[in-house]
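Here, each number is a calculation from the coordinates, and none is a lab measurement. In this text the structure is predicted, and so the values were computed from the model without any measurement. Neighbour counts are summed over all protein chains in view; Cβ atoms, including those assigned to glycine, are modelled from backbone coordinates with ideal geometry.
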Amino acid sequence: MTAALRNVSRRDLLKAGTGLVVGIVFAPSLGLAQGTETPAHLPGSLNGNRLLSAWLRVDPNGTVTVFTGKVEFGQGIASALAQVAADELDVGYQRINMVTADTSRTPDEGFTAGSQSIEHSGTAIRFACAEARQILLAAAAVKLGVEAADLTVVDGTIAARGGKHTTYWAVTTDAMLRREATPNLKPKSADEYRLIGQNLARRDLPPKFTGGAAYLQDLRLAGMVHARIGRPPVPRAELVSLDAAALKAMPGVIEVVRDGSFVAVVCEREEQAINARMALRERAVWSRPELPPTLADTFDRPDPELQTQDSVVYEKTAPSASVAVRQIEARYTRAFQLHASIGPSCAVAHSTDGKLTVWTHSQGVFALRGDIARALGVAPASVTCIHMEGAGCYGHNGADDAAFDAALLARAVPGRPVRVQWMRDDEFMWEPFGSAMSVKVRAGLSADGNIVDWQHELWSYPHARRPGGRDGVNLLAAAYLAHPLQPAFPADVPQPNGGSDRNSIPLYDFPNQKILKHYMPDAPLRTSSLRTLGAYANVFAIESLMDETAAAAGADPVEFRLRHLRDERARTVIETAARNSGWQPSALGDGGRGTGSTLRGRGIGFARYKNHACYCAVVAEVEVDPMGGIVRVTRAWSAVDAGLAINPDGIVNQIEGGLIQSASWTLKEAVKIDRSGIQTKSWIDYPILRFSEVPAVEVEVIQRPTEDSLGVGEGAQGPTGAAIANAFAAATGRRLRDIPFMPDRVKAALA
Amino acid sequence: MPTLFTLRVNGTAHSVRALPETPLLYVLRNDLKLNGAKFGCGQAQCGACSVLIDGIEQRSCVYPVSAAGKGSITTIEGLGTAQQPSALQRAFIHEQACQCGYCSSGMIMAAQALLARNPKPSEAEVKQALEGHLCRCGAHNRIVRAVLRASKGALAPKGALA
């Protein structure tokens with residue numbers, strides 16, 4: 001009998017019988033409440049949410065409800081977590097009901113961000129379900145009068161030798177799991193998995209492909225009204241005057257809500273709200289502050305002009321290393337870029353009897369609740385934030401801001417649920433941008449062709465401005481209210497995850513390294529988390545300079561990387577991607593002619609995301625049209641090692657999707673900004689990769705059943721940008737160092 | 001002035017009262033409570049709102065309800081259900097052809113129109129038919145595979161175009 005079972009009291013077991021379905025009880029720090037000693041560490045998010053009943057409930061009707069604080073946004077996490085639970089409990093996948101982030105029902109697991117859901121929530125669910133299985137078996141053993149060790153479970157039916165049997169559903173009680181998880185419990189070992197490692201179909205897809213109510217946008221509450229926001233024409237503008245009476249006289253307008261420079265229309269019908277918003281835009285008079293220059297305007301200027309906070313991220317020295325005989329140095333930049341969700345942000349809020357309920361596609365409902373409560377001056381307990389899926393978000397987009405918009409408006413029309421839908425230009429102009437970045441890298445090459453010194457210097461605006469900051473309110477409308485609430489100071493995400501400096505420390509074995517960060521918290525534009533944060537630009541720079549240095553050393557890019565890598569798993573993904581692509585060792589990569597007058601080349605990029613999540617290598621093949629200045633990615637190969645792969649096809653989908661998205665960032669995407677404002681307002685202003693431009697992609701998942709699962713959702717982003725740049729260099733002998741690779745830049749590089 | 005319109009949607013007639021210039025999208029979503037057509041841009045640029053009118057793909061976010069009254073409208077709800085998906089929808093499920101799925105309804109409607117006029121499209125023809133549809137998750141290759149899979153399965157979508 002294991003340690004876990006020893007903790008189950010005799011009384012608990014005797015109470016086993018038909019269970020009641022009850023709400024879960026929260027005791028997030030039960031261990032602490034018992035005394036001053038530090039509670040034993042529990043795996044994953046169990047550590048902060050220690051009750052088993054916080055994670056699952058076994059219902060007498062033959063189902064299991066699993067609670068996760070993580071949210072589904074198209075990455076398939078709800079299905080993967082159900083897969084983990086079903087395997088550990090030995091029940092069918094279809095018996096699992098998932099409840100995702102809801103401040104009134106689920107554990108608080110922070111943000112669904114950083115590719116950590118399998119590591120955090122998957123681990124918690126795995127251990128909680130393993131222990132629940134033991135508890136249920138112990139109850140069954142008492143009921144059947146046999147030893148628990150002699151019981152087997154198939155789809156929730158518990159059988160003893162000799163034919164006696166019962167079920168989870170017959171022995172479950174509501175009290176059974178209302179206890180703290182046990183440290184050191186052992187879940188199934190790799191050879192016992194039935195469902196983990198299988199390509200189970202996602203459960204959310206049939207409704208999504210048939211018009212089912214699958215999204216927050218599909219929520220229709222009785223008496224619901226429709227709102228649109230009248231955002232300023234430019235950030236920091238003030239509303240000077242507005243003829244609200246004229247707007248209020250328009251058909252269907254219920255309320256024109258104005259609080260300082262926040263203004264919105266609330267209408268009976270959606271098209272009325274859209275019309276009223278257009279009229280609002282025509283009638284509102286705003287101040288017109290100029291936008292100050294940004295880093296993107298000063299890429300070419302001397303760095304000391306910038307106001308920065310400087311710190312050393314990492315440094316190591318090896319005086320015994322060989323002397324560098326040659327220095328290779330280059331600067332790489334990245335434009336401001338957008339999440340550019342296909343579905344603009346949306347929220348529904350309902351204020352009734354002093355309670356506020358907000359339905360949101362936020363990635364962090366608990367932090368959102370805290371910021372909304374602070375902004376409205378109410379107790380957090382009076383606010384409930386419930387996650388519902390939106391369109392893919394890829395980081396901190398307008399979801400939280402739309403939720404706060406809805407909260408403000410629900411307060412203005414109490415009793416009626418208010419649905420706020422941002423229009424396309426709202427999303428493009430007002431979502432937090434991915435920060436422009438500048439990265440200067442210098443490699444010192446020894447006489448024998450090895451990198452002996454590596455200097456990395458980066459400039460960046462914030463990458464983390466989500467709700468939940470300590471000293472402010474990180475919600476867009478808050479700063480525009482009559483009594484404005486300022487955002488929290490945007491501290492950078494510390495290592496080992498890193499924010500602007502994410503993935504700035506190369507995984508290569510360079511004896512001397514120094515990483516210097518020039519952080520610019522005082523950004524002229526609102527920037528926040530876009531998939532991978534700083535890693536995309538840092539990996540682009542590192543992996544580009546690796547190729548530039550390999551060329552200087554007369555080495556093949558693949559061989560040159562392997563020469564500097566000891567980590568076997570890193571080597572394996574590079575070797576696998578290269579092999580699958582038919583990589584031909586030569587100093588220039590693939591080279592060769594493409595179709596017609598185009599030039600063809602291949603390039604490789606590699607990173608281990610955050611230096612502790614998945615390993616990913618990407619080989620990209622490009623064709624360059626020198627006349628048009630067009631770079632096309634025609635094919636790509638990726639190899640990924642995410643440790644134990646719960647659902648390999650889910651990983652393929654994430655890596656392939658991330659690769660294509662990164663190709664789009666790299667080739668096409670930049671926010672248009674000038675002194676008069678944000679000029680990116682529609683898809684015409686912000687083209688993304690289309691079907692005819694998308695490469696064929698092959699992904700190989702290296703399954704490692706005995707290793708911990710590693711986050712995968714952002715793994716392909718950095719390596720892809722670099723692989724494309726390196727392929728371009730292989731094709732043309734020239735370098736593109738500024739993202740995106742627009743035709744004018746391509747032509748300039750080839751001139 | 002709000003006017004009474006009779007819309008024929010998925011084979012059923014519905015009466016709705018709306019301003020003539022109201023985009024069909026809002027009538028489908030709010031009056032008829034159909035989820036399939038999605039708001040994405042409101043400018044006919046992304047394809048998330050696509051429906052078929054007399055078998056031709058139209059962007060419902062800019063298509064006035066007054067014009068829609070003359071034709072036969074098919075939304076994704078008219079193809080199949082989660083329990084009984086059409087062959088095309090089954091192919092999307094088989095290929096797990098999305099991440100977030102927000103663009104899927106529009107993609108499927110465009111593919112439905114393509115397969116009706118060209119039952120055996122080449123890969124290039126599928127891509128061409130979907131070129132005006134945006135996907136941000138990068139599921140393009142899966143979507144193309146799903147349409148080709150459906151085309152190889154002697155497509156006769158259940159409950160499809162009336």
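Find the relative contact order for chain A and round it to a whole percent, using C-alpha pairs within less than 8 Å whose residues are 6+ positions apart.
Details: 1802 pairs, mean separation 95.1, N = 751.
The normalised contact order for chain A reaches 13 percent.
Mind jotting down the distance between the C-alpha centroids of the stretch A:345-380 and the stretch B:63-93, whole Å? Cα centroid of the stretch B:63-93 versus Cα centroid of the stretch A:345-380: 35 Å apart. Karplus-derived 3J(HN,Hα) values for the stretch A:361-373, using 6.51 cos²θ - 1.76 cosθ + 1.60 with θ = phi - 60°, are 9, 4, 8, x, 5, 6, 5, 4, 4, x, 5, 5, 4 Hz; glycine and proline are entered as x. Positive contributions from Lys and Arg (+1) and negative ones from Asp and Glu (-1), summed over other residues with Cβ under 15 Å from the Cβ of A:Arg269, come out at +2.
Over the stretch B:3-78, the fraction of Cα-Cα pairs per 10 Å bin, rounded to whole percents and listed from the shortest bin up, is 22, 62, 16.
Over 28 Å apart at the Cα level, from the set A:Lys517/A:Lys610; B:Lys127/B:Lys152; A:Lys668/B:Lys33, are A:Lys668/B:Lys33.
Between A:Glu575 and A:Arg411, the simple spin-label model (points 7 angstrom out along Cα→Cβ) gives 6.1 nm. In this rough spin-label picture, where each label sits 7 Å from Cα along the Cβ direction, the B:Gln83-A:Glu305 distance is 6.8 nm. Exceedance of the 29 Å cut-off in Cα-Cα distance is limited, within the set A:Lys186/A:Lys316; A:Lys514/A:Lys747; A:Lys672/A:Lys747, to A:Lys186/A:Lys316; A:Lys514/A:Lys747. Taking packing as the residue-averaged number of other Cβ atoms within 10 angstrom, the listed peptides A:597-606, A:670-679, A:480-489 run from highest to lowest as A:597-606, A:670-679, A:480-489. Between A:Lys355 and A:Arg635, the simple spin-label model (points 7 angstrom out along Cα→Cβ) gives 5.9 nm. Considering the zone a paramagnetic label at A:Ala246 would reach in this model (a point 7 Å from Cα along the Cα-to-Cβ line), which residues of the stretch A:267-290 have amide N under 15 Å from it? Residues passing the 15 Å test: A:276-286.
Peptides A:610-619, A:490-499, ordered by how many other C-beta atoms sit within 10 Å of their residues on average, highest first, read A:610-619, A:490-499. For chain A, the 222 nm mean residue ellipticity estimated from helices alone, with every DSSP H stretch of n ≥ 4 adding -39500 (n - 2.57) and the total spread over all residues, rounds to -7500 deg cm²/dmol. Counting Cβ atoms of other protein chains within 10 Å of each Cβ in A:335-344 and taking the mean gives 4. Per residue of A:211-223, other chain Cβ atoms within 10 Å of the residue Cβ number 4 on average. Each eigenvalue of the Cα gyration tensor of the protein assembly as shown, multiplied by 5 and square-rooted, gives one semi-axis; in descending order these are 40, 38, 30 Å. Residue-wise HN-Hα couplings along the stretch A:446-452, as the Karplus relation 6.51 cos²θ - 1.76 cosθ + 1.60 with θ = phi - 60° gives them from phi, are 7, 4, 8, x, 10, 7, 10 Hz; Gly and Pro carry x. Length available on full extension from A:Thr298 to A:His41: 0.36 nm per residue minus the Cα-Cα distance, which gives 87.8 nm. For A:Thr634, the residues 5 or more places off, or on other chains, whose built amide H falls under 5 Å of its own are A:Glu621, A:Val622, A:Glu623.
Straight Cα distances below 16 angstrom link A:Lys355 to the aspartates and glutamates A:Asp102, A:Asp371, with same-chain residues fewer than 8 positions distant left out. In sequence order, the stretch A:105-119 has phi-based couplings of 9, 10, x, 8, 10, x, 8, 8, 7, x, 6, 10, 5, 5, 5 Hz under the Karplus curve 6.51 cos²θ - 1.76 cosθ + 1.60, θ = phi - 60°, and Gly or Pro positions carry x.
Bridge orientation summary for chain A: considering DSSP beta bridges with both residues in this region, about 75 percent are antiparallel.
Computed from the Cβ-Cβ distance with R0 of 30 Å, the FRET efficiency linking A:Tyr314 to A:Glu559 stands at 0.70. In this calculation the C-beta distance from A:Lys188 to A:Ser104 is compared with R0 = 30 Å, giving a FRET efficiency of 0.40. From a point 7 Å beyond the Cα of A:Asp685 in the direction of its Cβ, which residues of the stretch A:430-451 have a backbone N at a distance under 20 Å? Answer for this model: A:430-437. Take each residue in A:652-658, count the other chain C-beta atoms within 10 Å of its C-beta, and the mean is 5. What is the Cα centroid distance between the stretch A:603-637 and the stretch A:439-484, reported in whole angstrom? First find each Cα centre; the distance between them is then 23 Å. For the stretch B:2-36 versus the stretch A:113-154, the spacing of their alpha-carbon centroids is 50 Å.
For the stretch A:631-661, the residues whose backbone nitrogen is under 19 Å from a point 7 Å from the Cα of A:Thr706, taken along Cα to Cβ, are A:641-646. For A:Lys164, the lysines whose Cα comes closer than 25 Å to its Cα, not counting residues fewer than 8 places off in the same chain, are A:Lys15, A:Lys143, A:Lys188.
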